[in-house]
1. Restricting to the range 144-160, give me the number of residues that are out of contact with any Ser or Thr (no Cβ under 9 Å at 6 or more places or on another chain) and not β-branched (Val, Ile, Thr).
2. Restricting to the range 117-134, name every residue that is aliphatic (A, V, I, L, M) and more than 12 Å from Leu17 (Cβ to Cβ).
3. Only one residue in Thr146, Thr169 is of a type in the set (Ser, Thr, Tyr) and closer than 22 Å to Val50 by Cβ. Which one?
4. If you check Ala86, Ala110, Ala92, which single one turns out to be closer than 12 Å to Ala161 by Cα and either at pLDDT 95 or above or under 17 Å from the mean Cα position of the chain (by Cα) (or both)?
5. Could you list all residues from the range 128-148 that are within 13 Å of the chain's Cα centre (by Cα) and open to solvent by less than 40 Å² (accessible area, probe 1.4 Å)?
6. How many residues, within the range 142-166, are under 19 Å from Gly93 (Cα atoms) and assigned to a helix (DSSP H, G or I)?
7. Working carefully through the options Ile151, Ile156, find the one that is open to solvent by less than 90 Å² (accessible area, probe 1.4 Å), hydrophobic (A, V, I, L, M, F, W, C) and in contact (Cβ under 8 Å) with a residue 40 or more places away in the chain.
8. Out of the residues in the range 171-192 that are more than 17 Å from the chain's Cα centre (by Cα) and assigned to a helix (DSSP H, G or I), state the one that is surrounded by the most Cβ atoms within 10 Å (Cβ to Cβ).
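The values are calculated or read from the model by the stated rules, or taken from the named source; none is laboratory data. In this text, all values refer to a predicted model and were calculated from it rather than measured experimentally. Cβ sites come from the backbone with ideal geometry, for glycine too, and all protein chains shown count toward neighbours. Heavy atoms of the whole protein, side chains included, go into the accessibility calculation; ligands, DNA and RNA do not. Shrake-Rupley method; radii C 1.70, N 1.55, O 1.52, S 1.80 Å.
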Amino acid sequence: MLSGQEIARALQGSWMLLRNRPEGMRGFDLSIEGFWRSFAVVFLLVPLFVVSSLAERKLLLDETDFLPAGSFWLAQFTSLGLDWVALPLLLAGLAKPLGISAGYVPFIVARNWTSLLAALPYVFVGLLYLAGLIEPGIMVLLSLVTLIVVIWYRFIIARVALQASLSMTIGVVMLDIILSLLIGELAGRIWGL
């Protein structure tokens with residue numbers, strides 16, 4: 001179980017990494033036990049994910065007038081679960097051949113914990129949209145701007161944690177993005193969206 005102290009330290013470390021301060025890595029428990037515990041962050045992420053998903057659902061309903069509620073939520077949670085474990089599993093097999101074994105555990109720990117901070121702008125935009133304070137086009141635009149910032153944040157995390165070359169860092173970030181997109185598309189198709 002995650003303690004309040006561990007959460008506070010990790011959020012502080014996440015904030016430092018967002019500000020491109022490598023010493024933020026000290027906010028995370030980089031032990032093997034810390035690695036496994038970092039996967040429990042998904043339970044802290046779920047409420048944020050639900051708010052963002054509600055905004056996405058409203059946007060889809062505004063555009064299509066019909067969306068099977070059960071299928072939507074099954075697709076969303078399938079996507080979250082698969083996305084949460086896909087990159088760590090894939091990189092576990094690729095870390096040694098790619099020469100990033102030493103940074104694998106720190107990277108996954110940081111990636112998991114920083115997901116909380118990365119989700120906040122999406123939640124803020126989603127809340128504005130759900131409250132009717134912004135139009136659908138503005139929500140999409142703000143979400144795209146947020147995505148660019150999150151990609152940059154993921155780049156910083158990968159660069160600091162993996163201590164890899166620029167090309168390797170970019171490759172890992174692109175792999176993460178492409179994998180997430182594929183998983184989202186696959187989950188949607190599986191549940192008929």
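1. Total satisfying the criteria: 3.
2. Ala119, Leu120, Val123, Val125, Leu127, Leu128, Leu130, Ala131, Leu133, Ile134
3. Unique residue meeting the criteria: Thr146.
4. Testing whether each residue is closer than 12 Å to Ala161 by Cα and either at pLDDT 95 or above or under 17 Å from the mean Cα position of the chain (by Cα) (or both) leaves just Ala110.
5. Thr146
6. Residues flagged as under 19 Å from Gly93 (Cα atoms) and assigned to a helix (DSSP H, G or I) within the range 142-166 amount to 3.
7. Numbers: Ile151 fails: in contact (Cβ under 8 Å) with a residue 40 or more places away in the chain.
Of the residues listed, the single one that is open to solvent by less than 90 Å² (accessible area, probe 1.4 Å), hydrophobic (A, V, I, L, M, F, W, C) and in contact (Cβ under 8 Å) with a residue 40 or more places away in the chain is Ile156.
8. Among residues in the range 171-192 that are more than 17 Å from the chain's Cα centre (by Cα) and assigned to a helix (DSSP H, G or I), the one surrounded by the most Cβ atoms within 10 Å (Cβ to Cβ) is Gly188.
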